[in-house]
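A short write-up of the structure that comes next.
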Amino acid sequence: MQTHKGLRFILRNTSILLFILVFVIFGILSPRFFTAKNFENILTSASYIGIIAVGMTFVLLTGGIDLSVGANMYVSGAVLAVLLNTYNLPVSLAFIGCLAVGFVFGCFNAFAITKLQIVPFVVTMGTLTAGRGIGLLITHSYSQDYPPTITSFSVYKLFNLIPLPIVTFAIVVFIAWLFLGHTKTGRQIYAVGNDIEAAKKAGINTLPLIASTYIISGMCAALGGFVSISQLNRMNPNFGSGDEFDAIAAAVLGGASLFGGIGTVFPGTVLGTVMIQMIQAGLVFTQVDLYIQPLVMAAIIFLAVFIDSFRNIQLKKLERRHIMKQE
């Protein structure tokens, strides 16, 4: 009995245990890793992926997936550049235009998945490809530069202490945590992911709930793209490429399940996001070959999927044993 409790504890807290393990390993390998400035850099760099991963968590909770977030970032960034450089709009209006692109992406995905009943993987793979093409059409494959006012967003520190990208990430996390954990709609999203048929029988209107998660994911992707652009002040044709996999890995490493119904934004997705950035920073600190680093990140994504699958199988076995003992 004690063994089962211990195993259940480990399975339910995998993300925290992995985070501690990674933290300790890189701290031992490189003492410079344990510095306040390094932690600030890690959090700042992780902010944009973290924002995208929050939106991805909403989608994963329903048992869906959104592969279009990277292309969404690129199109949003391209529209931002056009509004600022061609039409000379104020940053505030250009920012709204950027978010509007994310909203449109989300609405299209939501419509195709809920109304046309197309599998989320197929829909978002299609919008990934189409979105990348639209972005290239807008930019003509040229890199885009942005005015200094965009860069000032990432340079500014709240109270001269906390970089604005971290503040933005924290606000997004707080709103998502509040919504998922403390509202009726948030609880219904979990119910849909756990068992959609049971949710329907309970009177939950599942289609609008599922649609809303893709809209949230789309807008988070656009916001994440804006934060990333503010840090780089430049966007090349590969911008956002592969970020969808980092976002999925961050959510899954944080405890979200690819099968739906399981996951938290805080501490889950936050830990997963920081863990991925911590590993990337640790590889640099330990001077791992630049060409090997992508292989390490690919292994991390595979590990995230494996852990999710293993965790779900083991938890179901433990639940079945518990039910049989009660009988």
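Six or more apart or on different chains, Cβ atoms under 7 Å: show the pairs whose first residue is in region 27-53 and without any contact (Cβ under 8 Å) to a residue 60 or more places away in the chain and whose second is of a type outside the set (Lys, Arg) and assigned to a helix (DSSP H, G or I).
Gly27/Phe33; Phe34/Gly27
Can you tell me which residue within region 44-73, out of those that are assigned to a helix (DSSP H, G or I), open to solvent by less than 10 Å² (accessible area, probe 1.4 Å) and polar (S, T, N, Q), is nearest to Val101 (Cα to Cα)?
My answer is Asn72.
Which one of the conditions (1) without any contact (Cβ under 8 Å) to a residue 12 or more places away in the chain; (2) surrounded by fewer than 18 Cβ atoms within 10 Å (Cβ to Cβ) does Asp195 fail to meet, given that it meets all the rest?
(1)
Looking at (1) in contact with a strand residue (DSSP E or B) (Cβ under 9 Å, 6 or more places away or on another chain); (2) open to solvent by 10 Å² or more (accessible area, probe 1.4 Å); (3) in a helix (DSSP H, G or I), which one does Ile229 not meet, given that it meets all the others?
Every listed condition holds for Ile229 apart from (2).
Among the candidates Thr273, Thr286, Thr269, single out the residue that is touching a Leu at 6+ places or on another chain (Cβ under 8 Å) and among the hydroxyl-bearing types (Ser, Thr, Tyr).
Only one candidate passes the filter, namely Thr286.
Looking at this structure, is Ile189 modelled with pLDDT of 95 or more and touching a Leu at 6+ places or on another chain (Cβ under 6 Å)?
Considered against the rule, which asks whether it is modelled with pLDDT of 95 or more and touching a Leu at 6+ places or on another chain (Cβ under 6 Å), Ile189 comes out as yes.
Within region 144-154, can you find the residues that are open to solvent by 50 Å² or more (accessible area, probe 1.4 Å) and touching a strand residue (DSSP E or B) at 6+ places or on another chain (Cβ under 9 Å)?
Listed by number, the list holds a single entry, Asp145.
With respect to Val82, determine if the residue is open to solvent by 10 Å² or more (accessible area, probe 1.4 Å), among the β-branched types (Val, Ile, Thr) and closer than 20 Å to Phe153 by Cβ.
Here the answer is yes, as Val82 does meet what is asked.
Of everything in region 155-166 that's touching a strand residue (DSSP E or B) at 6+ places or on another chain (Cβ under 7 Å) and surrounded by 16 or more Cβ atoms within 10 Å (Cβ to Cβ), which residue is nearest to Ile51 (Cα to Cα)?
So the residue we want is Leu164.
As an exercise: evaluate Ala100 against (1) within 24 Å of Met56 (Cα to Cα); (2) in a helix (DSSP H, G or I); (3) touching a helix residue (DSSP H, G or I) at 6+ places or on another chain (Cβ under 6 Å) and give the number of the one condition it does not meet.
Only one criterion is unmet by Ala100, namely (3).
Suppose we filter Thr269, Thr264 for residues that are in contact (Cβ under 8 Å) with a residue 40 or more places away in the chain and more than 11 Å from the chain's Cα centre (by Cα); which single one remains?
Thr264
Looking at Met219, Met275, can you tell me which residue is in a helix (DSSP H, G or I), under 26 Å from Tyr156 (Cα atoms) and open to solvent by 50 Å² or more (accessible area, probe 1.4 Å)?
Exactly one of Met219, Met275 is in a helix (DSSP H, G or I), under 26 Å from Tyr156 (Cα atoms) and open to solvent by 50 Å² or more (accessible area, probe 1.4 Å), namely Met219.
Kindly indicate which of Leu93, Leu116, Leu137 is open to solvent by 80 Å² or more (accessible area, probe 1.4 Å), modelled with pLDDT of 95 or more and not in a helix (DSSP H, G or I).
Checking each option against the conditions leaves just Leu116.
Which one of these does Trp177 not meet: (1) within 21 Å of the chain's Cα centre (by Cα); (2) open to solvent by less than 30 Å² (accessible area, probe 1.4 Å)?
In the conditions (1) within 21 Å of the chain's Cα centre (by Cα); (2) open to solvent by less than 30 Å² (accessible area, probe 1.4 Å), Trp177 misses (2) alone.
Which condition number does Ser212 fail, the rest of (1) in contact with a Leu (Cβ under 8 Å, 6 or more places away or on another chain); (2) buried (at least 16 other Cβ atoms within 10 Å of the Cβ) being met?
(1)
Assess whether Leu99 counts as being open to solvent by 10 Å² or more (accessible area, probe 1.4 Å), closer than 18 Å to Ser228 by Cβ, within 23 Å of the chain's Cα centre (by Cα) and in contact (Cβ under 8 Å) with a residue 40 or more places away in the chain.
Taking the combined requirement at face value, the residue satisfies it.
Hey, can you tell me all the residues within region 140-180 that are part of a strand (DSSP E or B) and over 30 Å from Thr86 (Cα atoms)?
Leu158, Ile162, listed by residue number.
Scan region 122-132 and give yes if some residue there is over 22 Å from Ile49 (Cα atoms) and charged (D, E, K, R), otherwise no.
Within region 122-132, none of the residues are over 22 Å from Ile49 (Cα atoms) and charged (D, E, K, R).
Being without any contact (Cβ under 8 Å) to a residue 40 or more places away in the chain and in a helix (DSSP H, G or I) is the filter here, so list the residues in region 198-207 that pass it.
Answer for region 198-207, where residues must be without any contact (Cβ under 8 Å) to a residue 40 or more places away in the chain and in a helix (DSSP H, G or I): Ala198, Ala199, Lys200, Lys201, Thr206.
The values are calculated or read from the model by the stated rules, or taken from the named source; none is laboratory data. For clarity, every value in this text was computed on a predicted model and none was experimentally measured. All Cβ positions, even for glycine, are placed from backbone atoms using ideal geometry, and neighbour counts span all protein chains on display. Ligands, DNA and RNA are stripped out before the accessible areas are found, and what is left, the full protein with its side chains, is counted by its heavy atoms. Shrake-Rupley method; radii C 1.70, N 1.55, O 1.52, S 1.80 Å.
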